[in-house]
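The structure appears below as structure tokens.
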Amino acid sequence: MKITNKIIENHGLKLDEYENIKKLLKREPNFLELGIFSAMWNEHCSYKSSRIHLKKLPTKGKHVIQGPGENAGVIDIGDNDAIVFKIESHNHPSYIEPYQGAATGVGGILRDVFTMGARPIALLNSIHFGSPDHVKTKSLLNGVVSGIGGYGNCIGIPTVAGETKFDETYNENILVNAMAVGHVKKDKIFYSKAKGINKPVVYVGSKTGRDGIHGASMASAEFDENSEEKKPTVQVGDPFTEKLLMEACLELMKDNSIISIQDMGAAGLTSSSVEMASKGELGIELELDKVPCREENMTPYEMMLSESQERMLIILEDGKEKAAKKIFDKWDLDFVIIGKTTNTNNLTLKFNNIVQGEIPIEALASKAPIYNRKWLKKNIKKNEINFKSLKKIKIEEALIKILSSPNHSNKSWVTNQYDQNVMCDTVQKSGSDAAIIRIHNKDKAIAVSVDSSANYCKSHPITGGKQIVCENWRNLITTGATPLAITNCLNFGNPENEEIMGEFKECLEGIKEACEFLNYPVVSGNVSFYNGTNKKNIYPTPVIGGVGLIKKLSKPISHNFKKNESDIILIGKTFGHLGQSCFLKENYSINEGMPPEVNLLNEKNNGESLLKLIDKNLILSAHDVSSGGLITALSEMAISSEYGAKILKPKKLTNLFEYFFGEDQARYIIEIEKHNMSKVENILKNGNIYFEKIGYTQQDHFEMDGEFKISRKDLFEINDKWYNKF
């Protein structure tokens, strides 16, 4: 087949990239080779627009065993225990076919974790949809939530935490980010680096079909009005087969049979074979007529680019084939030796003993394009909001508007579709700042959370990047966990747009600065570009997934009030920042101004002081203050408990709206028993931490003298009613 400009374009390659391919090969590629370059050089696999910026992130720390570059990151939690975790996007497939797109996103991230030798113990997600009024939102939401629940529930991994958000920026490009967390012994971690010559390359798992062909390329391009036609590029998942594959791989991992193992994820057999060979600086030869296929007359091109799910590639030690096959036979899975490692440093593809393609591994990996794209610094609009011109409302009205809004209403109708308790180690599930998972049969646990804040990142990317790391850090702190490391999923628009590239670069600057200051390294992640339709890009939406350690799981801390007549303390200073606030958005449809300042010194000091209080058993409950401000956070504490609260009017700030709805950072609400007040004060004063008493818990009502009084039952119903209208 003659390679035309149209064929090159359809493969997602630029003409100058094609010319580079010809130079690397010293000839024209054939159609199969073009497809392989298309898969390995697209944005999703090569990170060609982001790699130079990602290298600046802090990736090392005293708890880090494995940072970026493997299937998932690994951190040390002591006692020969390690946690493996990663987050990835499945945005484009989920918009085209929401159930399968979301389901296979869950399946793919699970394989990234158990490929490392870890048994998955928790799933999380961050899902963003368009305006609730948009014609597609309801069906997309229902499909995605069903897909996440369907896959996770069937495979038997608890989905314990996440976030569901709505904004018109996602009307034509939703975000579906899936995170998985696994537990492994430090001495049984597996990697994808190939070693040795003439070692058997083994295909295991499901058979290969035509689903998902060009899936990675599709994820590296903007949508247009023809996006519905891309349904064939969406993979189809089978959680029951994945369960078999997981158990078979974990059983094989008990001995020393495996040299390296790699999930067949984006770009399928192409990426898995190239990545293994590239890391080991070896060649790899595949006999494609041996690939198990579920459809007739599949071509080498289709086999190499298929993204059929539930498949792995394994390189075995000599002489281990028979015992390994016995395990996969037991689990009723394909086990076929389809090739071998070589010393050629080439990817050699044979079909019926005829070489169909031969490409230097470095041409596909290390020689892939790296772009230092032009970018524009964000033009900051420091416009002041004229509060006097706004329609006057009461505090109660403003609070009700927020609590009944799509983004702040009760999301139990989403989380109830997920099995959160399977495996019996979920100590605290979704609804709190972070979920808590017990390390099986031990008195220690991990806390996990995912967070995003697109409007902050849009208005001031550097501050937004810092803020979302800090919010994630705070969410772990409030459970009593010491934050150890993060994974990130960086969802942005078209990187060829200088403004978008500027948002990406500056958000990463903020993430880097916060991670370095908080000793909170990045150990894994994913970049998702081209999130937009017809040149309209989404807001920059970096999602942060964090993991923290609770060394002794005696009494987990949650954000619901625990006792009557206990004191409520606010840690951290309130300045009343309303720019980019939920208060303005929900009550006045204003989404303007600068986000609140992030003071990293205050973040660290306030958080570490709270951990000291928790360690000394002085805290009944704790909650961070974020979107919606102080009064929204207090309401959430009351709604999730059996107690209300009486809130005192502030003595200093005269504007009650600024005080109660301002979104100043580095703040926590804590509940303490009255007899512990002096101990708490001493610790906070010794740490030079600003704090103030803001009220006390009480029976039945949530109130402020002279402003409002709402029964706890009514407060719950206000927070719960939005879904009934949707």
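The values are calculated or read from the model by the stated rules, or taken from the named source; none is laboratory data. If you're wondering where the values come from, they're calculated on a predicted model, not measured in any experiment. As a convention, Cβ positions derive from the backbone with ideal geometry for all residues, glycine included, and neighbour counts pool all protein chains shown. What goes into the accessible areas is simple: the full protein's heavy atoms, side chains included, and nothing from ligands, DNA or RNA. Shrake-Rupley method; radii C 1.70, N 1.55, O 1.52, S 1.80 Å.
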Of residues in region 363-395 being of a type in the set (F, W, Y) and in a loop (DSSP other than H, G, I, E, B), the one most open to solvent (accessible area, probe 1.4 Å) = W375
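Would you mind finding the one in E295, E302, E321 that is buried (at least 18 other Cβ atoms within 10 Å of the Cβ) and among the acidic types (D, E)? So that I can check it myself, show each step before the final result.
Values: E295 fails: buried (at least 18 other Cβ atoms within 10 Å of the Cβ); E321 fails: buried (at least 18 other Cβ atoms within 10 Å of the Cβ).
Going through E295, E302, E321 in turn, just one is buried (at least 18 other Cβ atoms within 10 Å of the Cβ) and among the acidic types (D, E): E302.
May I ask you to verify whether E168 is of a type outside the set (K, R), under 21 Å from N410 (Cβ atoms), open to solvent by 20 Å² or more (accessible area, probe 1.4 Å) and touching a residue at least 12 places away in the same chain (Cβ under 8 Å)?
On the way: of a type outside the set (K, R): yes; under 21 Å from N410 (Cβ atoms): no; open to solvent by 20 Å² or more (accessible area, probe 1.4 Å): yes; touching a residue at least 12 places away in the same chain (Cβ under 8 Å): yes.
It is false that E168 is of a type outside the set (K, R), under 21 Å from N410 (Cβ atoms), open to solvent by 20 Å² or more (accessible area, probe 1.4 Å) and touching a residue at least 12 places away in the same chain (Cβ under 8 Å).
Being in a helix (DSSP H, G or I) and open to solvent by less than 20 Å² (accessible area, probe 1.4 Å) narrows it down to one of I127, I148, so name that one.
Working: I127 fails: in a helix (DSSP H, G or I).
Exactly one of I127, I148 is in a helix (DSSP H, G or I) and open to solvent by less than 20 Å² (accessible area, probe 1.4 Å), namely I148.
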Can you name the condition, by its number, that N30 falls short on among (1) surrounded by fewer than 21 Cβ atoms within 10 Å (Cβ to Cβ); (2) touching a strand residue (DSSP E or B) at 6+ places or on another chain (Cβ under 7 Å); (3) within 26 Å of F517 (Cα to Cα)?
-> (3)
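Which residue, of E362, E321, is in contact (Cβ under 8 Å) with a residue 24 or more places away in the chain and over 17 Å from D255 (Cα atoms)? Spell out the reasoning first.
Values: E321 fails: over 17 Å from D255 (Cα atoms).
None of the others qualify; the one that does is E362.
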For region 545-557, name all the residues that are at pLDDT below 95 and surrounded by 22 or more Cβ atoms within 10 Å (Cβ to Cβ).
-> I557
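Based on what the data block shows, is S409 small (G, A, S), in a loop (DSSP other than H, G, I, E, B) and touching a residue at least 40 places away in the same chain (Cβ under 8 Å)? Give the derivation first.
On the way: small (G, A, S): yes; in a loop (DSSP other than H, G, I, E, B): yes; touching a residue at least 40 places away in the same chain (Cβ under 8 Å): yes.
In short, yes.
Could you list, in sequence order, the residues of region 151-185 that are part of a strand (DSSP E or B), of a type in the set (G, A, S) and touching a Pro at 6+ places or on another chain (Cβ under 8 Å)?
Going residue by residue through region 151-185, those that are part of a strand (DSSP E or B) are 159-166, 175-185.
If we keep only those that are of a type in the set (G, A, S) too, we end up with 161-162, 178, 180, 182.
Passing the criteria: A180, G182.
When you look at A221, is it open to solvent by less than 50 Å² (accessible area, probe 1.4 Å), modelled with pLDDT under 85, assigned to a helix (DSSP H, G or I) and within 24 Å of E496 (Cβ to Cβ), yes or no? Before the answer, list the steps.
Details: open to solvent by less than 50 Å² (accessible area, probe 1.4 Å): yes; modelled with pLDDT under 85: yes; assigned to a helix (DSSP H, G or I): no; within 24 Å of E496 (Cβ to Cβ): yes.
No; evaluated as a whole, the condition is false for this residue.
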Out of all the residues in region 558-566, is one or more within 18 Å of A622 (Cα to Cα), within 24 Å of the chain's Cα centre (by Cα) and open to solvent by less than 60 Å² (accessible area, probe 1.4 Å)?
-> yes
Here are T574, T632, T654: which of them is open to solvent by 20 Å² or more (accessible area, probe 1.4 Å) and either part of a helix (DSSP H, G or I) or farther than 27 Å from I437 by Cβ (or both)?
-> T654
Taking the options I647, I683, name whichever one is more than 32 Å from the chain's Cα centre (by Cα), open to solvent by 30 Å² or more (accessible area, probe 1.4 Å) and among the hydrophobic types (A, V, I, L, M, F, W, C).
-> I683
How many of the residues making up region 415-462 are of a type in the set (V, I, T) and open to solvent by 20 Å² or more (accessible area, probe 1.4 Å)?
-> 5
Quick check, is K693 over 37 Å from the mean Cα position of the chain (by Cα) and not in a helix (DSSP H, G or I)?
-> no
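Any residue in region 490-509 that is in contact (Cβ under 8 Å) with a residue 24 or more places away in the chain, farther than 27 Å from Y95 by Cβ and crowded, with 20+ Cβ neighbours inside 10 Å? Before you say what the answer is, go through the steps one by one.
Quick first cut of region 490-509, residues in contact (Cβ under 8 Å) with a residue 24 or more places away in the chain only: 490-509.
Add one more test, that the residue is farther than 27 Å from Y95 by Cβ, and what stays is 509.
With crowded, with 20+ Cβ neighbours inside 10 Å added as a condition, the list becomes none.
The answer is no; no qualifying residue exists.
Does any residue of region 252-267 turn out to be part of a helix (DSSP H, G or I) and modelled with pLDDT of 95 or more?
yes
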Residues (in a helix (DSSP H, G or I) and crowded, with 24+ Cβ neighbours inside 10 Å) located in region 596-606 = E603, N606
Residues of region 33-67 satisfying the condition of being on the phi < 0 side of the Ramachandran plot, among the hydroxyl-bearing types (S, T, Y) and either surrounded by fewer than 19 Cβ atoms within 10 Å (Cβ to Cβ) or touching a strand residue (DSSP E or B) at 6+ places or on another chain (Cβ under 9 Å) (or both) | S49, S50, T59
Among the numbered conditions (1) within 17 Å of the chain's Cα centre (by Cα); (2) part of a loop (DSSP other than H, G, I, E, B), tell me where L553 comes up short.
-> (1)
The condition from (1) under 16 Å from P595 (Cβ atoms); (2) in contact with a helix residue (DSSP H, G or I) (Cβ under 8 Å, 6 or more places away or on another chain) that N472 misses is numbered (2)
Residue check: is K512 in contact with a His (Cβ under 8 Å, 6 or more places away or on another chain) and part of a helix (DSSP H, G or I)?
-> no
When both residues are 6+ apart or on different chains and their Cβ atoms are under 8 Å apart, which pairs have a first residue that lies in region 1-17 and is in contact (Cβ under 8 Å) with a residue 40 or more places away in the chain and open to solvent by less than 30 Å² (accessible area, probe 1.4 Å), and a second that is among the polar types (S, T, N, Q) and assigned to a helix (DSSP H, G or I)?
-> H11/S38; H11/S217
Do you know which residues across region 343-357 are open to solvent by less than 70 Å² (accessible area, probe 1.4 Å), within 25 Å of K207 (Cα to Cα) and in contact with a strand residue (DSSP E or B) (Cβ under 7 Å, 6 or more places away or on another chain)?
-> L347, T348, L349, K350, Q356, G357
How many of the residues in region 432-470 are of a type in the set (G, A, S) and over 30 Å from D79 (Cα atoms)?
-> 6
Wholly inside region 1-77, helices (runs of 4 or more DSSP H) that include 3 or more residues that are closer than 20 Å to Y301 by Cα are 5-10, 15-25, 31-41, 43-46
